[in-house]
Each structure stands twice: as C-alpha cells, then as structure tokens.
Amino acid sequence: MVEQLERRLPQGFKVIGNLGLCGRRLYMASLVFGVALVFAQPCMASLAVPTSNSTDQLALLAFMNAIDVQGNGTFVTNWSEKSGFCDWYGVYCSPSHEQRVGALRLLKMGLQGTISLHIGNLSFLEVIDLRGNSFHGRLPQEIGHLHRLKLLILERNSFEGSVPLNLFQCQRLEVLVLQGNHFTSGIPKELYTLRSLRTLFLGSNNFTEENHIEGTVPPEFDQLKNLQGLNLIDNHLSGSIPLGNFNISSISQLLLPVNNFSGSLPPTAGLLLPKLSWFHVQRNQLSGNIPSHLSNCSKLFRLSLGENIFTGQIPASLGQLQSLEVLILFNNKLTGQIPKEIFSRKVNFTDLDFSDNLINGTIPPTIGELTSLQRLYLDDNDVEGSVPNEICQMSSLGELSLQGNKLSGSIPSCIGKLSNLRLLFLGSNKLGSSIPSSIWNLENLLFLNLSSNLLGGNLSTNIRSMKALGSMD
C-alpha cells in the first residue's frame with residue numbers, strides 16, 4: 001500500500017528556506033488506526049524563484065487571519081509579508097510551478113479557528129494536512145476548487161456540519177481523512193465519484209442515515225475499485241453492511257466498529273478480498289454464523305468480531321490463516337469447542353479473546369505450541385477439565401484469564417515459569433489442592449485472582465517478593 005501511494009503522490013515538492021536543504025527528502029507521514037501512509041519526495045535542484053505570487057500570498061494571509069495565533073510564536077514571527085511565503089513554516093512550494101503552494105502541512109500545532117474560504121484560491125495545492133489542531137466550523141465549499149488536491153487530512157479537529165458536496169469535484173483525491181471531528185448527516189453517496197480514492201477514514205463523527213441514504217454505507221461504495229482503507233469507526237450508523245463492500249478486491253483495511261450495524265455477514269465474505277489484512281466490526285449488532293470463507297483472506301492479520309451476536313461454532317478454517325495474529329471474538333453467543341486447528345499451530349498468534357461466550361470442551365495440551373501468544377482470554381464460558389501443564393511452555397504469555405468456567409484439578413506447579421505474566425485470573429472455577437509455590441516467583445505480576453475455587457492451605461510468606469502486585473483476590 002505504501003509503495004503504491006508513493007508512486008501517485010505529488011512530484012518533487014521543494015523544501016525551501018528553514019524547512020530543509022537540497023539533498024534531503026521531505027517526509028510526510030500519517031499513522032491512522034494502524035495504517036502508515038509515508039510520503040517521501042526528493043528535494044529538487046535549486047530554482048530561481050520570484051519573490052512573490054500575490055494570489056497565493058493573499059490566500060495564505062486570509063488563512064492565517066481566520067486563526068487565533070495568539071501564543072503561537074511560529075505564526076507571529078514566521079508568517080510575515082517581509083519574507084517570501086515559500087519560507088513560511090508548513091508551506092511547501094512546488095518546483096514545477098514557481099511560487100505556487102503545493103502543500104500546506106500544519107499538524108499538531110494547537111491552532112484554533114476556521115478555514116478561510118480563500119483556501120480555494122490555492123489552485124496548485126495538492127496536500128492539506130491540518131490534523132491534531134482545534135479547527136472548528138464548517139468546511140468551506142470553496143475547497144472543491146482545488147482540482148489538483150490529492151491528500152486531505154483533517155483528523156482530530158472539531159469540524160462540524162455536513163461534508164461539502166463540492167469536495168467531490170476534487171477528482172484526483174486519493175486520501176481523505178476526516179475522522180475525529182463532529183461531522184453530521186449522512187455519508188454522502190457522491191463519495192463514489194472519487195474513483196482515485198485509496199484511503200477513506202470518516203471514523204469518530206456523528207454520521208447517521210439521513211440525506212436519503214438507505215442502510216448504512218452507500219451501496220455505491222463498491223465502485224471505489226482502488227479503495228485500500230475504509231474506516232467508519234464510532235459513528236451512529238445502522239442497518240446492514242452493503243454486500244458490495246465485500247467485492248472490492250483492493251481493500252486492505254475494513255474498519256466498521258462501534259456502530260449499530262445489524263444483519264449477518266455474507267457467507268462469501270472473504271472470497272473476493274485477497275488483500276484484506278484487518279477486518280474490524282466489533283461492538284455492533286451483527287448476527288448469524290462467522291463466515292468460514294474468511295480463511296481465503298490469506299493476508300488477514302487482525303480479525304475483530306467481538307461484542308456482537310454471532311452464533312454457531314468458531315470456524316476451524318480460521319486456523320489456516322498463517323498471518324493471523326489477533327483473533328477477537330469475545331461477548332458473542334458462540335458455542336461448541338475451540339477448533340484444534342487454532343490451538344495447535346506454532347505461528348504468529350499474539351492475542352486470542354474468546355471470553356463471554358458459550359464455549360465448552362477442554363483446553364488441549366497443544367495450546368503449548370502457541371509460544372508467541374501474549375494474551376489469552378477464555379473467561380466466562382463453559383470450559384471444563386484441567387489446566388494443562390503445557391500452558392507453561394507459552395513463554396511470551398503476559399495475560400491469562402480462565403476465570404468463570406468449570407475447570408478442575410490443580411493449578412500447574414510450573415506456572416512460575418511464565419515470567420512475563422502481568423495478569424493471572426483463575427477465579428470462579430473448581431480448582432483444588434493448594435496454591436503452587438512457584439506462583440510466588442512471578443515478580444512482575446500485577447493482578448491475581450484465585451477466588452471462588454476449592455483451594456486449601458496457607459499463603460506462603462514468599463508472597464512478599466511480589467512487590468509489583470497491585471490487586472489480589
């Protein structure tokens with residue numbers, strides 16, 4: 001994804017004045033919900049540039065005048081008519097168009113105010129990155145005049161109102177990141193006209209089903225054939241997920257958690273998503289079975305389906321995903337045993353969360369093969385049998401929660417070998433015998449719960465060595 005974006009970004013922005021020297025590169029990076037967008041452009045040879053271009057200069061001054069710059073020394077001292085605007089902080093001029101602004105990048109500067117409508121006069125602008133400030137108000141319709149615009153990143157501000165329809169005149173737009181604002185109304189179906197769009201992040205806003213949009217995500221989205229990342233996290237979306245979203249072969253990240261989506265996932269989900277690496281629909285109202293064809297997503301490394309109403313058994317085919325590291329299925333209504341294909345492989349798993357379901361059966365000895373596993377949550381199920389000694393082979397394990405089951409027998413005497421443990425919850429089971437002495441060797445343990453079992457004997461004085469322990473029950 002990164003390499004493809006680099007090939008399509010604005011060519012050769014020059015870093016002029018105190019922002020860089022020839023021979024360096026201008027790096028423009030955005031880390032958004034796990035997606036790294038790294039933009040690197042070579043510094044061009046020195047150019048003889050005119051001292052001023054009145055159109056761009058006036059537009060920049062109008063932009064500054066709409067901002068409260070009090071206390072921001074960068075603007076007060078740097079954005080001055082006494083110097084050429086290509087020397088101003090955050091302003092990048094393009095070598096192919098003398099004294100024309102190609103990029104405006106003012107991220108995480110604590111800026112407050114609105115966006116001046118005169119921004120539409122920066123007709124050569126290709127990049128706007130204003131993330132991490134306190135801009136508010138509506139986006140001006142004039143932003144649609146920026147026909148060269150390729151990147152628009154406005155996350156973590158306080159913009160409000162609807163997304164201006166004029167934005168969809170920016171047909172070269174490849175990256176649109178508006179998450180973490182207060183946009184309302186529906187997701188405009190006109191978004192599908194942005195055929196060059198690769199990254200669309202609209203999470204953490206207040207989008208609803210208004211503006212004549214049926215369902216949740218406009219069905220026209222399946223026409224965005226170049227889309228690689230879609231993030232609609234934490235909105236007020238409801239209805240079903242359009243089937244078309246499972247037919248965009250370029251998509252790598254599909255993030256739809258913390259909404260009110262309902263219905264089931266199509267049985268064929270995964271068959272047409274060869275590049276999918278992160279599928280996140282946690283905290284919705286999705287139901288039905290987990291599609292077994294998700295195993296066809298060979299690049300999937302994170303699958304988060306927790307806090308829904310999924311039923312049936314965990315597909316054994318998920319154990320075939322050799323790249324899968326994180327599998328989150330907690331708080332559903334899943335039944336049956338955990339497939340042996342998941343508990344009998346030696347690669348990659350770092351996080352498994354099956355808690356708060358209706359899972360039964362036993363913990364197989366093959367669990368010891370998961371030597372990369374860092375977090376295992378099986379609490380609040382109907383798992384029975386003993387805790388296998390092989391669990392002590394999981395040398396990377398930092399969090400282990402098996403409480404609220406029907407486990408019996410004794411706590412493995414080798415438990416003290418898990419030196420990375422920070423959390424150990426074994427409460428509310430039927431574990432008997434005494435607490436193994438090796439447990440007091442867990443010097444890094446922060447949370448320990450052994451309550452509501454059948455344990456006997458006295459607490460060892462070695463408990464004093466557990467100086468990091470903050471909670472014990």
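Looking only at residues in region 115-137 that are in a loop (DSSP other than H, G, I, E, B) and more than 26 Å from the chain's Cα centre (by Cα), the one that is surrounded by the most Cβ atoms within 10 Å (Cβ to Cβ) is L125.
Do we have L418 as out of contact with any Cys (no Cβ under 6 Å at 6 or more places or on another chain) and either at pLDDT 95 or above or open to solvent by less than 20 Å² (accessible area, probe 1.4 Å) (or both) here?
yes
Considering region 265-285, the residues that are among the aliphatic types (A, V, I, L, M) and within 20 Å of the chain's Cα centre (by Cα) include one that is surrounded by the fewest Cβ atoms within 10 Å (Cβ to Cβ), namely V281. If you filter region 48-84 down to residues that are loosely packed, with under 14 Cβ neighbours inside 10 Å and at pLDDT below 70, you find that the one that is nearest to G137 (Cα to Cα) is Q70.
Scan region 426-441 for residues that are in a strand (DSSP E or B) and open to solvent by less than 50 Å² (accessible area, probe 1.4 Å) and jot them down. If the condition is that a residue be in a strand (DSSP E or B) and open to solvent by less than 50 Å² (accessible area, probe 1.4 Å), then L431, G432 are the ones that fit. Residues in region 93-112 that are open to solvent by less than 10 Å² (accessible area, probe 1.4 Å), within 18 Å of E155 (Cα to Cα) and assigned to a strand (DSSP E or B): 2 in all.
Pairs please, first residue from region 279-293 and modelled with pLDDT under 95, second anywhere and part of a helix (DSSP H, G or I) and open to solvent by 10 Å² or more (accessible area, probe 1.4 Å), Cβ atoms under 6 Å, 6+ apart in sequence or on different chains. The qualifying pairs are S292/S317.
For S295, the conditions (1) in contact with a Ser or Thr (Cβ under 6 Å, 6 or more places away or on another chain); (2) part of a strand (DSSP E or B) all hold with the exception of (2). Tell me yes or no: at least one residue of region 146-158 is open to solvent by less than 50 Å² (accessible area, probe 1.4 Å), touching a residue at least 12 places away in the same chain (Cβ under 8 Å) and in contact with a helix residue (DSSP H, G or I) (Cβ under 6 Å, 6 or more places away or on another chain). No, because not a single residue in region 146-158 is open to solvent by less than 50 Å² (accessible area, probe 1.4 Å), touching a residue at least 12 places away in the same chain (Cβ under 8 Å) and in contact with a helix residue (DSSP H, G or I) (Cβ under 6 Å, 6 or more places away or on another chain).
Could you tell me how many of the residues in region 227-236 are part of a loop (DSSP other than H, G, I, E, B) and touching a residue at least 40 places away in the same chain (Cβ under 8 Å)? Show your work before the answer.
Step one: of region 227-236, the residues part of a loop (DSSP other than H, G, I, E, B) are 227-228, 232-236.
Among the residues that remain, those that are also touching a residue at least 40 places away in the same chain (Cβ under 8 Å) are: 228, 232-233.
Residues that pass the stated criteria total 3.
Among the residues of region 228-255, those identified as open to solvent by 10 Å² or more (accessible area, probe 1.4 Å) and touching a Phe, Trp or Tyr at 6+ places or on another chain (Cβ under 6 Å) are I241, Q253. Annotation: of all residues in region 237-251 being within 16 Å of Q223 (Cα to Cα) and part of a loop (DSSP other than H, G, I, E, B), the one that is nearest to the chain's Cα centre (by Cα) is I251.
Could you check how many residues of region 102-119 are within 20 Å of F168 (Cβ to Cβ) and touching a residue at least 60 places away in the same chain (Cβ under 8 Å)?
1
A Cβ distance below 6 Å, combined with a sequence gap of six or more or placement on separate chains, defines the contacts here; from region 303-321, residues that are surrounded by fewer than 17 Cβ atoms within 10 Å (Cβ to Cβ) reach residues that are at pLDDT below 95 and not in a loop (DSSP other than H, G, I, E, B) in the pairs Q320/S295. One residue is enough: does region 388-405 have a residue meeting the conditions assigned to a strand (DSSP E or B) and in contact with a helix residue (DSSP H, G or I) (Cβ under 9 Å, 6 or more places away or on another chain)? Yes: one or more hits. Close Cβ contacts (under 9 Å, 6 or more residues apart or on different chains) running from residues in region 399-413 that are under 10 Å from Y377 (Cβ atoms) and open to solvent by less than 40 Å² (accessible area, probe 1.4 Å) to residues that are of a type in the set (D, E, K, R) and modelled with pLDDT under 95 are absent.
Residues in region 364-387 that are more than 31 Å from the chain's Cα centre (by Cα), modelled with pLDDT of 95 or more and crowded, with 17+ Cβ neighbours inside 10 Å: V383, V387.
The values are calculated or read from the model by the stated rules, or taken from the named source; none is laboratory data. None of these values were measured; they are calculated from a predicted model. Positions of Cβ are generated from backbone atoms using ideal geometry, with glycine treated the same way; all protein chains shown enter the neighbour counts. Accessible surface is based on the protein model in full, side chains and every heavy atom, while ligands, DNA and RNA are left aside. Shrake-Rupley method; radii C 1.70, N 1.55, O 1.52, S 1.80 Å.
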